[in-house]
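Inspection log for the structure reproduced underneath, given as structure tokens.
The values are calculated or read from the model by the stated rules, or taken from the named source; none is laboratory data. All values derive from a computational prediction rather than experimental measurement. Cβ placement follows ideal geometry from the backbone for every residue including glycine, while neighbour counts extend to all protein chains displayed.
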């Protein structure tokens, strides 16, 4: 339930900025607050071909993710999404304290509006997934993950050096 609420809050808070609209009803800008939170290595947003709105947030580890969960910005957003609900359970109890870097992916799919004048779009589905980096990979001229995320065995190629080698 805690993870689901984290997903819903992150997803809903991101929706307005992602569509270049002002947040509705004074909803806290969670995506704007994420990069300033201690232990957040980077944040990206996007949309999939199937129409899901996606947030990618990299955390140094469990401690940073749990601190974000308890942050004022996140707590305000949770209260906004779930008014009157109490969240007194510690998040991610099954995740090891030394888990290492965590990529949190929040994906939100919206239902089609009911019609003209209908309230803003409602959430049809929402999910949160947590991943850790695997060793290996290659990056030529940059990568999706933030530079602060160390990936063991990642081969980073400078495009200019690669072009000179081809001559």
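So the values come out like this:
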item	result
Residue that is farthest from residue 77 (Cα to Cα), among those in the range 48-58 that are at pLDDT 95 or above and within 15 Å of the chain's Cα centre (by Cα)	48
Residue list for the range 10-40, filter: within 11 Å of the chain's Cα centre (by Cα), modelled with pLDDT of 90 or more and surrounded by 17 or more Cβ atoms within 10 Å (Cβ to Cβ)	34, 40
Candidates 31, 43, filtered to the one that is touching a strand residue (DSSP E or B) at 6+ places or on another chain (Cβ under 7 Å) and part of a helix (DSSP H, G or I)	31
